[in-house]
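Trainee: Encoded as structure tokens, here's the structure I'll be asking about.
The values are calculated or read from the model by the stated rules, or taken from the named source; none is laboratory data. Predicted, not measured: the structure shown is a model, and the values here were computed from it. A quick note on method: Cβ atoms are made from the backbone with ideal geometry, for glycine too, and the neighbour counts reach across all protein chains shown. Quick note on the areas: whole protein, heavy atoms, side chains included, nothing else; ligands and nucleic acids left out. Shrake-Rupley method; radii C 1.70, N 1.55, O 1.52, S 1.80 Å.
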Amino acid sequence: MVSAAVLVAILFTLWNPRKLFRTPNIYDLFQSEAAIETAVSNLNANDGVIQIGILAGEWKNSTGEVCADGIIEVDINLNIANRVKLDLEDRDFQVDLFPEFDLDLLNYDADVLVAIYSGSCLQKPLPPSGFKIGTSLTAENPEVINQLAVCLAENYQESTHLPFSYEVINPDHSSYHIFRDVHPDTPAVLIEIGMLSTDRNLIENKTTSIVDGITAGIECFLESTAGNSK
């Protein structure tokens with residue numbers, strides 16, 4: 001219990017939602033415009049291929065949320081995941097698309113993995129608008145995970161204008177297997193893109209802003225870790 005408490009304390013020290021969006025933009029961490037250009041150019045340097053994993057939540061496993069008007073979560077998740085994959089491939093990254101459970105996820109060793117889900121269809125009462133980012137308490141690289149989560153949160157909020165909340169995924173949660181399956185050195189987070197009820201207009205009619213936010217968040221993280229690709 002003491003160890004768990006320490007781990008929680010460390011994680012929430014790294015993640016203070018009240019401070020999250022007052023942190024400097026990631027580009028402010030670089031010393032000059034020249035340094036930014038160097039970091040970007042290093043993303044596809046010959047010393048390592050950037051490997052990105054995208055997981056479409058519930059795909060090939062279940063429907064996920066099913067709304068009263070027929071909208072099915074897994075269809076939303078797969079559409080967003082496919083578009084993120086294509087967007088990243090257009091930027092010359094190597095991208096693997098995974099269903100919820102896949103043997104290739106076992107010990108998956110990559111520069112980043114992002115799992116994409118959607119929120120509740122509940123109508124009464126309507127859930128609060130917003131997106132969530134989730135991580136695991138058992139992560140062996142919490143500073144790197146924090147960096148990924150901050151990049152994703154800041155860029156996704158800028159693109160979608162949705163409120164943000166952070167979630168530590170309970171080991172009993174069905175999606176927790178993602179963090180357990182991948183290689184310990186693979187930075188992995190889960191994003192819940194918004195509520196299928198409250199944020200339906202965004203999810204149905206402004207999909208590009210969702211895709212752009214996720215892609216920009218991943219690129220932000222890769223730029224901040226340029227030169228450390230696997």
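Trainee: With open to solvent by 30 Å² or more (accessible area, probe 1.4 Å), modelled with pLDDT of 95 or more and within 17 Å of A81 (Cα to Cα) as the only criterion, which of K132, K206 stands out?
Mentor: Values: K132 fails: modelled with pLDDT of 95 or more.
It is K206.
Trainee: Can you tell me how many residues within the range 102-146 are among the aliphatic types (A, V, I, L, M) and under 11 Å from the mean Cα position of the chain (by Cα)? First the steps, then the outcome.
Mentor: Step one: filter the range 102-146 for residues among the aliphatic types (A, V, I, L, M), giving 103, 105-106, 110, 112-116, 122, 126, 133, 137, 139, 144-145.
Now restrict to residues that are under 11 Å from the mean Cα position of the chain (by Cα): 112-116, 133, 145.
Qualifying residue count for the region: 7.
Trainee: Filter the range 160-203 down to the residues that are acidic (D, E) and surrounded by fewer than 19 Cβ atoms within 10 Å (Cβ to Cβ) and list them by number.
Mentor: Step one: of the range 160-203, the residues acidic (D, E) are 167, 172, 181, 185, 192, 199.
The answer is E167, D172, D185.
Trainee: Can you find, within the range 135-159, the residue that is modelled with the lowest pLDDT among those that are surrounded by fewer than 19 Cβ atoms within 10 Å (Cβ to Cβ) and among the β-branched types (V, I, T)?
Mentor: T138
Trainee: Please list, ordered by first then second residue, the pairs with beta carbon atoms under 6 Å, 6 or more apart or interchain, first in the range 61-87 and under 16 Å from A115 (Cα atoms), second surrounded by fewer than 17 Cβ atoms within 10 Å (Cβ to Cβ).
Mentor: If the second residue must be surrounded by fewer than 17 Cβ atoms within 10 Å (Cβ to Cβ), the pairs left are N61/F101; V74/T63.
Trainee: A follow-up question, please. For D111, only one of the following conditions fails: (1) modelled with pLDDT of 95 or more; (2) open to solvent by 60 Å² or more (accessible area, probe 1.4 Å); (3) among the acidic types (D, E). What is its number?
Mentor: Against the list (1) modelled with pLDDT of 95 or more; (2) open to solvent by 60 Å² or more (accessible area, probe 1.4 Å); (3) among the acidic types (D, E), D111 comes up short only on (2).
Trainee: Hey, does the range 48-58 have a residue that's modelled with pLDDT under 95, more than 19 Å from the chain's Cα centre (by Cα) and either under 21 Å from S209 (Cα atoms) or of a type in the set (S, T, N, Q) (or both)?
Mentor: No; the residues of the range 48-58 include none that is modelled with pLDDT under 95, more than 19 Å from the chain's Cα centre (by Cα) and either under 21 Å from S209 (Cα atoms) or of a type in the set (S, T, N, Q) (or both).
Trainee: May I ask you to list the residues in the range 84-96 that are part of a helix (DSSP H, G or I) and surrounded by fewer than 19 Cβ atoms within 10 Å (Cβ to Cβ)?
Mentor: Listed by number, the residues that qualify are L86, E89, D90.
Trainee: Could you grab the pairs with beta carbons closer than 8 Å, sequence gap of 6+ or different chains, first residue in the range 113-124 and of a type in the set (F, W, Y), second one assigned to a strand (DSSP E or B)?
Mentor: Every condition considered, the pairs that remain are Y117/L190; Y117/I191; Y117/E192.
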